[in-house]
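J.: Mind having a look at this structure? Questions to follow.
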There are 2 protein chains.
Amino acid sequence: MHNRCMIDARLITLRVFARCGTIGATAELTGYSPSAVSAQLRELQRVLGMQLLTKDGRGVRLTATGRFLVAGSDTLIADWESLRAAAMQAGDQVQSHFGLGGFSTAAAQLLAPLAATLRTTRPLLEVQVLEANPARCFDLLVAERIDLAVIVAMQSDTYAEDDPRFEQTVLLDDPLDVIIPSDHPLASRETVTLQELASEPWITEAAGSTYHSLFTAAFTAAGVTPRIAHEAVEWETQIAFVGAGLGVGLLPRLAPLRGAENVVRLRITGRGKPSRRIVAAVRRGSITSPLIQESLGILQLSANRILTARPEDDL
Amino acid sequence: MHNRCMIDARLITLRVFARCGTIGATAELTGYSPSAVSAQLRELQRVLGMQLLTKDGRGVRLTATGRFLVAGSDTLIADWESLRAAAMQAGDQVQSHFGLGGFSTAAAQLLAPLAATLRTTRPLLEVQVLEANPARCFDLLVAERIDLAVIVAMQSDTYAEDDPRFEQTVLLDDPLDVIIPSDHPLASRETVTLQELASEPWITEAAGSTYHSLFTAAFTAAGVTPRIAHEAVEWETQIAFVGAGLGVGLLPRLAPLRGAENVVRLRITGRGKPSRRIVAAVRRGSITSPLIQESLGILQLSANRILTARPEDDL
DNA sequence: ATCGATCATGCACCTATTGTGCATGGTTAT
DNA sequence: ATAACCATGCACAATAGGTGCATGATCGAT
């Protein structure tokens, strides 16, 4: 039981379970074994004298009491976080451990530099970076595995913007650029409109993936219905597809083109200039922590630096 | 580390230390050994990455950060207590452990019957009663050793009535009776005034004891300056003194005369009818707990029963 | 100054809490 | 029917967390 928080680890586990719904998933997320989670929850019920779980089919389910407890514990966690942050500030203290989480692009482009910076400014701080998709990032925050997450804001997220467990601050609006083969007629242009690319074969992520809704949203905003020719999971793959002349695609400006062959990045202008909003999320209450504040500043700085540098330097 | 609370036991220990000021006293109060307390606090500092203690002479002292943390944790504890209470109510759950504390008379006359009643109404509940003076009762509440304390309200207490850590409810005003030898000229009376007893030799507790201030307050209110002839620590001793004809004394109506020889209990009338206020104290937030509520009801009931029964039945 | 009292802490050792891995039994989907 | 999945019990292992004693440091009183 590795308690970095002052709230009983078993209660944290219960909160994670409330999200996962199964012991196994809770175990995976918390880093315990399923038996350990099972034992923890049983012990928790014994100590509190409350029945929190009921058998339900082949799994278990929260009782009304359990749901009540989980919901009520939100403010408890938030209060602790803000107390800790305030104490840190008041006493000019330094944190010893700091967990960061973010989706692929963010992890590589924002979190890695942040970690590097913190390593020099705060040599005693033990920084850990976890790559994870936005949904999992929130889960990791709840599980206290990470302290700060960088995610793309999705309107259709399970996590509402005003979730009592989190506080979110906008880091940047990451514009989507178009990548096209360098032998494409439009390749010499500096900017294009989506309308100009309406008839092109498009490459996107698999339907249902994190960015697919972003993709479609961009085109509906532009009043264009794209023809989806290919699907790729990672940016690298998509870039390679474009480089091979299979079609064109959208690439967030934050994502680097690296030394991709035969691929040109163009800014989009005109109606429906698409972008993805990137936000930082922390546990509610911890936003005032000096370390969090410093990190947010660094993140914003490097985000701006990257945005202004591209695509010019990168082409 | 016996966590009945969801707040880290080490933080509780820190809170106790904040009151005691020394590791040894903290150990005594929490039930740990001094080494354990020392280790806990060291570990707490490591985990939180905060310096909470400083060497100070041959002891240790809280840093500013430490004081800040302790002060801020008040609301955290209170929030947890009220959450637990609400969950108990919401889910119709039963508590498994219940700690009671009270000063001698209360322990014998109020808490013992309460414990007995709870044993029958809630067979699964494990009740523990601790006899302790009022000041220690508050400390035991902070240390989470007990959940409910019965104490005499003292205006000159270190614990203010609006301490953020506690909630107090008046149980009863316990009138002080006079006990006199049965061969005393006034022994056949039903009631007396303090003025009538002005010239008697009085028996009281040692100066500085819990009730001595109560004693003097009673007489100043009556406009009488008593002649203190003897001092006793326990009621039993005082009663014996009176029975031996050494003088007269004040006895709370709650305190039983038992089969005391040659002693008569008289009600006091007239100006300055003295009484002591007996209140129940709980950790803030827990007042809405069903168990606490039930207990308060039972306490009030048995208090009233005892008060109306005496002195008639008891003489 | 000296001695004893008080206080915190380190160390060796022990305990029991809490974790893992595997096997089992119940439940659902194919 | 069979396979997949899920929770849990059990044997075992790791380790966090406890006690008791010895040590060192500080303070007060003689």
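The values are calculated or read from the model by the stated rules, or taken from the named source; none is laboratory data. The shown structure was predicted, so the numbers you read here are calculated from the model rather than taken from an experiment. Cβ: placed from backbone, ideal geometry, glycine included. Neighbour counts: every protein chain shown. Surface accessibility is based on the protein's heavy atoms, side chains included, excluding ligands, DNA and RNA. Shrake-Rupley method; radii C 1.70, N 1.55, O 1.52, S 1.80 Å.
J.: Give, as a single signed number, the net charge of other residues whose beta carbon lies under 9 Å from the beta carbon of residue A:276, with Lys and Arg counted +1 and Asp and Glu -1.
T.: So the environment of residue A:276 carries a net charge of -1.
J.: In terms of the Cα gyration tensor, with a ≥ b ≥ c the square roots of its eigenvalues, is the range B:78-161 rounded because a/c is under 1.5, prolate because a/b exceeds b/c, or oblate?
T.: oblate
J.: While we're on this one: Does anyone have the angle between helix A:212-222 and the longest principal axis of chain A? Alpha-carbon axes, 0 to 90°, nearest 10?
T.: The angle comes out near 50 degrees.
J.: Continuing with the same structure: Remind me, relative contact order of chain B in percent, using alpha carbon pairs under 8 angstrom and six or more residues apart?
T.: Computed value for chain B: 22 percent relative contact order.
J.: Right, next: From the phi of every residue in the range A:112-127, what ³J(HN,Hα) in whole Hz does the Karplus formula 6.51 cos²θ - 1.76 cosθ + 1.60 yield, where θ is phi - 60° and glycine or proline is x?
T.: 4, x, 4, 4, 5, 4, 4, 4, 8, 6, 10, x, 7, 7, 9, 9
J.: Which of B:206, B:254, B:238 sits farthest toward the positive end of the charge dipole of the range B:203-273, with +1 on the Cβ of Lys and Arg and -1 on the Cβ of Asp and Glu?
T.: Working it through, the farthest residue towards the positive pole turns out to be B:254.
J.: If the label for residue A:43 sits 7 angstrom from Cα along the Cα-to-Cβ line, what are its distances to the same label in every other copy, in nm to one decimal, shortest first?
T.: 1.2
J.: Here is a further query. So what is the calculated 222 nm ellipticity per residue for chain B, using -39500 (n - 2.57) for each DSSP H run with n of 4 or more, over all residues, to the nearest 500 deg cm²/dmol? Show your work: numbers first, answer last.
T.: Values: 9 runs with 122 residues, N = 315.
Helix contribution divided over all residues of chain B: -12500 deg cm²/dmol.
J.: When only the heavy atoms of the protein chains count and the probe is 1.4 Å, how do A:174, A:56 rank by accessible area, highest first?
T.: A:56, A:174
J.: Net charge within 12 Å of residue B:14 by Cβ-Cβ distance, Lys/Arg positive one each and Asp/Glu negative one each, not counting residue B:14 itself?
T.: +3
J.: Tell me the accessible surface of residue B:50 in square angstrom (1.4 angstrom probe, heavy atoms of protein chains only), to the nearest ten.
T.: Residue B:50 has an accessible surface of roughly 10 Å² with all protein chains in place.
J.: How far apart, in nm, are two points set 7 Å out from the Cα along the Cα-to-Cβ line at residue B:120 and at residue A:275?
T.: That separation, rounded to one decimal, is 7.4 nm.
J.: Further question: For residue B:164, go 7 angstrom from Cα along the Cα-to-Cβ vector, then report the distances to that same point in the other copies in nm, smallest first.
T.: In nanometres, ordered from closest: 2.0.
J.: What FRET efficiency do you get for residue B:128 and residue A:28 if R0 is 41 Å and r is their Cβ-Cβ distance, rounded to the nearest 0.05?
T.: 0.55
J.: Using the alpha carbons of the protein assembly as shown, what is the convex hull volume per residue in cubic angstrom, as a whole number?
T.: Values: hull volume 118.9 nm³, N = 630.
Convex hull of Cα atoms, per residue: 189 Å³.
J.: Mind listing the long-range amide H neighbours of residue B:103? Cut-off is under 5 Å, sequence gap 5 or more, other chains count too, H placed in the peptide plane at 1.01 Å from N.
T.: B:132, B:150
J.: Okay, moving on. Largest first, how would A:273, B:55 line up by accessible area (1.4 Å probe)?
T.: Details: A:273 145, B:55 175 Å².
Reading off the accessible areas and sorting them downward yields B:55, A:273.
J.: Rg to Rh ratio, the range B:1-93, alpha-carbon atoms and Kirkwood radius?
T.: Answer for the range B:1-93: 1.03.
J.: A further question on this structure: Please list the non-local residues whose amide H lies under 5 Å from the amide H of residue B:174, H modeled 1.01 Å from N, same-chain partners needing a gap of 5 or more.
T.: Close amide H contacts, sequence-distant or interchain: B:276, B:277, B:278.
J.: Then there's this: Rank these residues by their accessible area, most exposed first, probe 1.4 Å: A:81, B:28, B:200. Let's see the in-between values first.
T.: On the way: A:81 5, B:28 105, B:200 35 Å².
Largest accessible area first, the list is B:28, B:200, A:81.
J.: Under 16 Å Cα-Cα from residue A:273, which lysines qualify once same-chain neighbours fewer than 8 residues away are excluded?
T.: Once the sequence-local lysines are set aside, nothing remains near residue A:273.
J.: Local charge sum around residue B:129 (other residues, Cβ-Cβ under 13 Å, Lys/Arg +1, Asp/Glu -1)?
T.: Here the charged neighbours net out to -1.
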